[in-house]
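Reviewing the structure listed below.
Quick note: the coordinates plus some simple rules give every number you see, no bench work behind them. Treat the numbers as computed from the prediction; the structure is a model and nothing was measured. Cβ sites come from the backbone with ideal geometry, for glycine too, and all protein chains shown count toward neighbours.
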Amino acid sequence: MRLTVAVLWMVTGTAWALETSESNIYDEHFPPLHPNCTQSLTDLLLLRQEVQLKELKQAEQVSAGILREMVDILTDIKVFLMRSNTSTGVSCPGNFLNFGETCLYLAKDIGITWEAALLFCQDLGGHLAVFRDANAYARALGYVKASGIAKTSNVWIGGNDHSVEGEWRWVTGEEMPRGTPFWGDLNYVREPAQGAAANCALLHGPDDFLIHDAPCDWKVMPLCEIKPSGTN
């Protein structure tokens, strides 16, 4: 009887020990989930997403900077090519630069009225710039934009309606072209639209240097034009 009881106790103890050992092994390899496990995982995923978004934003900023530099380089190349595209024996005086069949000079360091600008260019042997066609206008526009002046600046050109209100002419006597691509707009109204108080034409920087009418007593830098030497 005693032997039977002892054997039973031994079997019971062995079974309990095996059960305890198996439980410890399971707990060791498969620990219970922490109560905040789900929250920690969510925080980790959100942090990873935030880092990825930051990296993408930095890459976008770098790309935008590269594009701006490329635009500046291409503009410089365009101006250089326009200056180099001249026929043999053609030259421009002083600070004037050659652009096809004309020479241009933007006096960036002065701000004067339209009448004073007219006299200033005449003293240099030329006149305020005129654009007889879209190509001449595009060349002048490229030169002005590449000159480094602020986009808030304005530039006098040789157009006015002094003789007859609303009849715009160049200082050389020709009728000024109207509409696109020459004239810009102000508050969705096509220029010239400022009435009798604005009788002089300028390149308006805030409108990408498209032509606007303005009061003639504004203090603005002049764009002068002169015919190259060596041309008929």
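Using Cα-Cα distances under 8 Å and only pairs 6 or more residues apart, what relative contact order does the stretch 97-226 have, in percent?
40
Work out the charge dipole of the stretch 97-226 with +1 on the Cβ of Lys and Arg and -1 on the Cβ of Asp and Glu about the Cα centre, then indicate which of Trp183, Cys224, Leu141 is farthest towards its positive end.
Leu141
Quick one: putting +1 on the C-beta of Lys and Arg, -1 on the C-beta of Asp and Glu, what dipole do you get for the stretch 97-226 around its Cα centre, in Debye to the nearest 20?
400
With label points built 7 Å along Cα→Cβ from the Cα atoms of Leu186 and Val164, find their separation and express it in nm.
About 2.3 nm separates the two model spin labels.
Show the residues, 5+ positions off or on another chain, whose built amide H is closer than 5 Å to the amide H of Phe209.
His204
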